[in-house]
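I have placed the structure first, in the form of structure tokens, so that the comments after it can refer back to it.
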Amino acid sequence: MKRWMVLVAVFVTAVAIVGCEWGSVTDDVSGSGGGGGGGGTNNGTGGGTVTNVVPGGTTNVISENETAVYNEVLMVGEAGRTTYSGHVANVPVVPGSMRVRAGGFYFVDDGGGVLAGSSAGTAGTINYASGSWSIDLGGKDIAAGETILANYIYQTSSTP
């Protein structure tokens with residue numbers, strides 16, 4: 001029980017931090033070279049540190065090889081629907097980094113491909129290589145039009 005409480009506390013803290021402006025980091029794109037993830041708009045012009053902007057979300061360069069994505073819109077809720085699936089815009093996803101919010105439901109990546117739900121009966125999965133994800137709201141639904149959002153880190157380069 002304590003482990004779940006710690007995971008939920010970490011996720012809530014991460015959600016609170018996401019609301020912060022990270023403009024100074026994403027505005028400082030340096031280097032010359034290309035790259036970036038499998039989606040979004042590349043703000044770089046050739047190598048070095050590259051920041052990608054995901055439609056409906058923001059990003060933060062963590063290192064030359066990793067970029068964090070905040071509030072990427074995965075889907076929009078439908079009345080009566082209790083399961084959702086899709087793909088994130090950037091891959092590969094760093095294991096343990098994925099967080100999903102669907103209405104009042106929260107899912108935290110356990111580092112092994114499981115998205116642990118915050119409510120009884122809720123669960124999900126993430127395939128780090130393909131970016132394929134799924135969540136099950138345990139027979140409950142979210143309001144129609146409610147956005148399903150994700151925070152995650154993806155690897156921008158295979159070299160350290």
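Numbers for the structure displayed
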| quantity | calculated |
| --- | --- |
| Qualifying residues in the stretch 136-155 (those that are within 14 Å of residue 88 (Cβ to Cβ) and either among the hydroxyl-bearing types (Ser, Thr, Tyr) or in contact with a Ser or Thr (Cβ under 7 Å, 6 or more places away or on another chain) (or both)) - the one surrounded by the most Cβ atoms within 10 Å (Cβ to Cβ) | 154 |
| Subset of the stretch 92-110 [among the β-branched types (Val, Ile, Thr) and either in contact with an Asp or Glu (Cβ under 6 Å, 6 or more places away or on another chain) or over 12 Å from residue 72 (Cβ atoms) (or both)] | 94, 108 |
| Residue selected from the stretch 108-122 under the condition out of contact with any helix residue (DSSP H, G or I) (no Cβ under 6 Å at 6 or more places or on another chain) and assigned to a loop (DSSP other than H, G, I, E, B), by the criterion surrounded by the fewest Cβ atoms within 10 Å (Cβ to Cβ) | 120 |
| Residue check for residue 128: of a type in the set (Ser, Thr, Tyr), at pLDDT 95 or above and under 13 Å from residue 74 (Cβ atoms) | no |
| Considering residues of the stretch 76-91 that are crowded, with 18+ Cβ neighbours inside 10 Å and not hydroxyl-bearing (Ser, Thr, Tyr) only, the residue nearest to the chain's Cα centre (by Cα) | 88 |
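Okay, residues lined up against (1) outside any loop (DSSP other than H, G, I, E, B); (2) farther than 11 Å from residue 83 by Cβ:
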{"position": "96", "(1), (2)": "no, yes"}
{"position": "106", "(1), (2)": "yes, yes"}
{"position": "124", "(1), (2)": "yes, no"}
{"position": "128", "(1), (2)": "no, yes"}
{"position": "135", "(1), (2)": "yes, no"}
{"position": "142", "(1), (2)": "no, yes"}
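The values are calculated or read from the model by the stated rules, or taken from the named source; none is laboratory data. This is a predicted model, so every value here is computed, not measured. Ideal geometry is used to build each Cβ from the backbone, glycine not excepted, and the neighbour counts take in all protein chains shown.
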